[in-house]
Every structure is written in structure tokens, then in C-alpha cells.
Amino acid sequence: MALCQAAHDRKLATGRAQILVLYELEPPGLAEAGAGHSDVVPVAVCKLERIAHADLLHALASGFDVIYLQACSAPQGQDLQRLEVDLVRTLGGLGRILLFNGAAGLDRRLAARLLPFPSVAPEVLAVGSRRDTARASAAALLPASTGHADLPDQAPYGSVSLDEGLCNTCSSCVWVCPSDALSLTENGGALSFVESLCTQCGLCVSVCPQRALSMTPGMDLTAYAVLPHLLTGEDGQTGGPAAAGGAGEVTAAEPDPCSEAGLPFADPVVSPVPETRHTGRA
Ligand code: SF4
Ligand code: SF4
């Protein structure tokens, strides 16, 4: 948080891009490359595979423009790291997080002049759980018109779909859900679902005697994600917050001209998270 705040402040003051370098074994030449360069922030970490997508997304949304992440050397760590990096790239960090092995070429890359991206004050995004932070950061990084991000298999975000014709409301899935993403409505006649709570663990799908449920990885970036809605259709979205007694319709956000692909970001600005996005504050 302190590193992001410092990078955010420095970018606002100087207009220069901020670079974060995360490593476990210091690459040779890093000290020389970063010497006297206040915009390069090298940070030693204990376990590279434990650097999670929520932290990386938060760093990119709230201060740093590019992250250089040292690649794990252990095969098991590589798989974990690849999943986390894939999530970051899909959720708005494409082209802004780069894995490196040795130090070859790192000094040249660190010396390159980059244009800064807009960033949000760190405390705006770091509220609620780490999942909330990841969602709010993704909403800040992706173009404002993006209401939904498709995610790779194994991603810990997504929705469940219900085949109403098969469901007998036995409530087995509700009892087994570890995160309270599923519940039965008061009269017990329908299933209610909160997307932001679902970790895609698959327990509900495996326990359902009717095979009525299926999972779809992804992330809803609208305020709708934190609201309970009825699972009344194949896509798991037809209920809607209004149908479940929620806060009503979610309106489409205006496209953010600063976030269009290919546009350089000449001026660092503080971009408030659009009101229709989930900001971690339900
Ligand atoms: S376990 Fe299957 S049949 Fe039972 S309530 Fe859940 S979806 Fe319906
Ligand atoms: S996939 Fe897991 S977290 Fe999501 S609704 Fe099913 S049991 Fe709950």
C-alpha cells in the first residue's frame, strides 16, 4: 500500500511512469539499472508464487504502470504464477506485467521512457476483502464499457447457471456452498446467487443430485456483482437485482476515452471508479 501510494504521488508530481520490479533472487545489474532512478522500485519478495493477482492488479491500478516479475524456477511454482499472471492480464493488465528470467535486457527495459497510465488513489481500491480489491482494481484498469470479463478455467471468480427444469429446490447446494454465494429465497421456492461471493469451487455442481448447476468463470464488473439475484434461467443472470428486491437496474457506463486501446497516456490523472462499478464497498 505504501509503495503504491508513493508511486501514485510521484506520478502525479512528475508525470513519469512508475516501474515495479519484484524478485526473489536479485538479478545481476539491477542495482546499477535502478540506481538514481526514482521511478524504478525494486522489491525483494520471499516466495514469487505467493504474489497474488489481487496485489498485482492493485499495484497496476493505483500507482505502477509496469510490473517486471521474476519467473519462478520451480515447476510447481511456475503453474501457480502462470495462473496469477494470466488473471492479471485478462483483468486489465495486458502488456503491463512482464515475466523475466535472467537479467539480460532488463537494464535496457528499465531505462525505456514510458508514458504513464491513469491511476486511482490506492485507498479507494483497497477496501473490503482481497477479492473486493481485485474486482475494484480490474474495474479501474479495464475500459469503463467492459461490464464483464471472461476468465480462464480455474479462475476463482464466476457465476453458476441453473437448469430450472431440473432443480427441485432440495437445498443441497446451499448447504455445501462455503462462501454463502447461494441461498434459498424466504419461501424456499427459488435459488438466489451473489456473484462476488462465488469462488468457483465446484462443490454445488458436484453435490447437486439433479445435475442442474454448471459454472462459468468470469467477473462481473458492475454493481450487480454484489447483489443477490434469482437463478431463474440458463445464464444465471435473468433474475436481476430488482427481481430479488435489490437496488434496481444497473445503467451502462460511459466509455472512458483514456482507456481505449492504443492511446498513450500523456497526462497522469486520478480516475474515480465509475459509479456503476464495484468499488469494494457494497
Ligand atoms: S442441489 Fe440441485 S436440485 Fe438441489 S436446490 Fe441446488 S440446484 Fe436445485
Ligand atoms: S461454485 Fe462454490 S462458491 Fe460458487 S456457488 Fe458453487 S459452492 Fe458456492
Fewest to most Cβ atoms within 10 Å: Asp150, Asp86 sort as Asp150, Asp86
Could you tell me how far the Cα centroid of the range 1-64 sits from the Cα centroid of the range 197-221, in Å?
36
Ratio to report: Rg/Rh of the range 2-146, with Cα atoms as the point set and Rh obtained by the Kirkwood method; give two decimals.
0.95
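Residue separation times 0.36 nm, minus the C-alpha to C-alpha distance between Asp79 and Ser129: what's the value?
Value of the extension gain: 15.6 nm.
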How large is ³J(HN,Hα), in whole Hz, for each residue of the range 167-179 in order, when computed from phi with the Karplus curve 6.51 cos²θ - 1.76 cosθ + 1.60 and θ = phi - 60°, using x for Gly and Pro?
5, 10, 6, 6, 6, 4, 5, 5, 5, 8, 5, x, 10
Of the GluC sites (Glu not before Pro) in the range 156-220, which ones lie in a loop per DSSP and count no more than 12 other C-beta atoms within 10 Å?
Glu186
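Using r as the Cβ-Cβ distance of Val45 and Ser214, and R0 as 51 Å, what FRET efficiency do you calculate, to the nearest 0.05?
Details: r = 37 Å, r/R0 = 0.73.
Between Val45 and Ser214 the formula returns 0.85.
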What is the order of Arg109, Arg135, Arg211, Arg96, fewest Cβ neighbours within 10 Å to most?
Arg211, Arg109, Arg96, Arg135
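Quick one: Ser137, Ser196, Ser38, fewest Cβ neighbours within 10 Å first, how do they rank?
On the way: Ser137 32, Ser196 22, Ser38 12.
Ascending Cβ contact count within 10 Å gives the list Ser38, Ser196, Ser137.
Every read-out reported here was derived from the displayed coordinates using simple, explicitly stated rules and does not represent laboratory data. Note that the structure is a prediction, hence the values are computed from the model and not measured. When we count neighbours, we look across all protein chains shown, and the Cβ atoms used for this are built from the backbone with ideal geometry, even at glycine.
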